[in-house]
Amino acid sequence: MKRKYSVKLSGLAAVTSLVVLAAGCATAPGDIQKWSVTNAEARALTGTVVDVQCELSGNCPDACGAGKRQLAIKTEDQGVVLAAKNLNFYSGAADELSPFCGQVVEVNGLFTENRGIRFFQVQNVRTPGGQWQKGTRYLQAWSERSGKSPSVASKWYNNDDRVKDVLEKDGRLGLGQAADDEYFN
């Protein structure tokens, strides 16, 4: 009987997650979607898009590494704010920010914190006074990079060759196939 309830609760959690995701997609460009995550704080920032590795080491390739590096917003009041995520599942914010490398932008989204580590989720970006762009560019960029269709991009994490290689090598838990077999079976 206990198993039946856990399956129903898991199903309820999945439906709730989809409703929250759908609500987020329905927000107007520029609006911040509020999530029920630990220490979430809706914020807007203005600063220059920078390549984190360039800021730290002086290793500064053209165009902030062309979307292949961790990017940040360098602000006057917050310092360098790591842009760790966008609105797409399991994807970072480099595709949102790389077109603005070296430019001043306005971004908004959520700060979250876990165990004292803060990161910023970019939900919208624009040049000062420009039109807001929702932080969902990753799916189109992934589709173009991978040569796979936009419909496949919606579940890119199941279709990305790099992800598949890591899972094959390290397993779903990251501890190898034997640990996966023991845990999942």
* Phi to ³J(HN,Hα) by Karplus 6.51 cos²θ - 1.76 cosθ + 1.60 over region 134-139, Hz, x for Gly, Pro -> 5, x, 10, 5, 3, 4
* Fewest Cβ neighbours within 10 Å first, please rank Thr127, Thr38 accordingly. => Thr38, Thr127
* **Spatial extent of the chain: Rg and Dmax, with the Cα atoms as the point set, Å** => 18.6, 60
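Determine, for Asp77, Asp31, Asp95, Asp181, the number of other Cβ atoms within 10 Å of each Cβ, and report the residues in order from fewest to most. Don't jump to the answer; show the numbers that get you there.
Working: Asp77 7, Asp31 15, Asp95 22, Asp181 10.
The most exposed by this proxy come first: Asp77, Asp181, Asp31, Asp95.
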* Structure fact -> Taking Cα atoms only, helix 2-26 is inclined relative to the longest principal axis of the chain by an angle, in degrees rounded to 10, of 20 degrees
* Can you give the helix-only mean residue ellipticity at 222 nm for the chain, where every DSSP H stretch with n ≥ 4 adds -39500 (n - 2.57) and the sum goes over all residues, rounded to the nearest 500 deg cm²/dmol? -> -11000 deg cm²/dmol
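Take the Cβ-Cβ distance between Ile117 and Ser149 as r, set R0 to 35 Å, and report the resulting FRET efficiency rounded to the nearest 0.05.
It comes out at approximately 0.45.
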* Structure fact -> Filtering GluC sites (Glu not before Pro) in region 69-158 by DSSP loop and by at most 10 other Cβ atoms within 10 Å leaves Glu76
* 29 Å Cα-Cα threshold exceeded, pairs from Lys34/Lys148; Lys34/Lys169; Lys134/Lys169; Lys74/Lys169; Lys85/Lys148; Lys34/Lys164 -> Lys34/Lys148; Lys34/Lys169; Lys134/Lys169; Lys74/Lys169; Lys34/Lys164
* **Sequence-separation-based contact order of the chain, relative, with Cα cut under 8 Å and 6+ spacing, percent** => 18 percent
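Taken together, the values in this text are just the output of simple stated rules run on the coordinates, not laboratory data. Bear in mind the structure is a predicted one, so any value in this text is a computation, not a measurement. Glycine also receives a Cβ, built like all others from the backbone with ideal geometry; neighbour counts cover every protein chain displayed.
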